[in-house]
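Undergrad: Take a look at this one; I'll ask things after.
The values are calculated or read from the model by the stated rules, or taken from the named source; none is laboratory data. Quick caveat: nothing in here was measured; it's all calculated off a predicted structure. Using ideal geometry, Cβ is built from the backbone for each residue, glycine included, and neighbour counts are taken over all protein chains shown.
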Amino acid sequence: MKDYQLALTEQINNATEEASTSVLGMAIGEARWLVHMTEVNEVLPMPKLATVALTQPWFLGMANVRGNLYGITDLSLYLGGPPTQITQKTRIFLSSSRYSVNSGLLVSNLLGIRSLSDFEPMENTEESTPALLGLAGKCQDKEGRVWHVLNLQALVQEDNFLKIAV
């Protein structure tokens, strides 16, 4: 029995370690971004939206996902880029329910689940993107491509993100 408990504890610890180092790659406009899988509740195709009057241009509207309402944000537009073109590859990812903010974020394309160990952190330089609460840093993959790391918890709690009214 003791051996079984030790083996089970080891499996749980390994699964927790894997989840904390797994990241979801996505394209937001032309940029590549990573978000920790523990911050993502679900990924889905673009749902039907109910528009909301007098809101910021980046706030696309409300979506009903299995009886729960989510505010949908065009992440490219919110970050100061061009509006995301809706295509077959466009996806919405829902923030973790533990943040108590029903938020869905529109991205251009998903680039797969990856391991954080496949990336090298980059030092911030002066010509980097302006400070953003949701930007947790940058890293580089083995092919030399730059990836931004999204801190979803910080983003969905940012005052500007929460103030959707114009």
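Undergrad: Looking for something assigned to a loop (DSSP other than H, G, I, E, B), at pLDDT below 95 and surrounded by 15 or more Cβ atoms within 10 Å (Cβ to Cβ) - is there at least one such residue anywhere in the stretch 105-117?
TA: No, the stretch 105-117 contains no residue that is assigned to a loop (DSSP other than H, G, I, E, B), at pLDDT below 95 and surrounded by 15 or more Cβ atoms within 10 Å (Cβ to Cβ).
Undergrad: Kindly indicate the residue of the stretch 85-100 that is surrounded by 12 or more Cβ atoms within 10 Å (Cβ to Cβ) and either closer than 13 Å to Phe59 by Cβ or of a type in the set (D, E, K, R) (or both) and also farthest from the chain's Cα centre (by Cα) among those meeting that condition.
TA: This residue is Lys89.
Undergrad: Another question about this same structure. With the requirement that a residue be exposed (fewer than 15 other Cβ atoms within 10 Å of the Cβ), at pLDDT 90 or above and either among the acidic types (Asp, Glu) or in a helix (DSSP H, G or I) (or both), what does the stretch 119-153 give you?
TA: Scanning the stretch 119-153 gives Glu120, Glu143.
Undergrad: Of the conditions (1) within 17 Å of Asn102 (Cα to Cα); (2) modelled with pLDDT of 95 or more, Glu39 satisfies every one except a single condition; which number is it?
TA: The single condition Glu39 does not satisfy is (2).
Undergrad: When the stretch 147-166 is examined, which residues are found to be among the β-branched types (Val, Ile, Thr) and in contact with a strand residue (DSSP E or B) (Cβ under 6 Å, 6 or more places away or on another chain)?
TA: Correct list: Val149, Val156, Ile164.
Undergrad: How many residues does the stretch 35-54 hold that are out of contact with any Ser or Thr (no Cβ under 8 Å at 6 or more places or on another chain), more than 19 Å from Val65 (Cα to Cα) and part of a strand (DSSP E or B)?
TA: Summing the residues that are out of contact with any Ser or Thr (no Cβ under 8 Å at 6 or more places or on another chain), more than 19 Å from Val65 (Cα to Cα) and part of a strand (DSSP E or B) in the stretch 35-54 gives 1.
Undergrad: Moving on. Might you check whether a residue that is polar (S, T, N, Q) and within 22 Å of Pro45 (Cβ to Cβ) occurs anywhere in the stretch 71-81?
TA: yes
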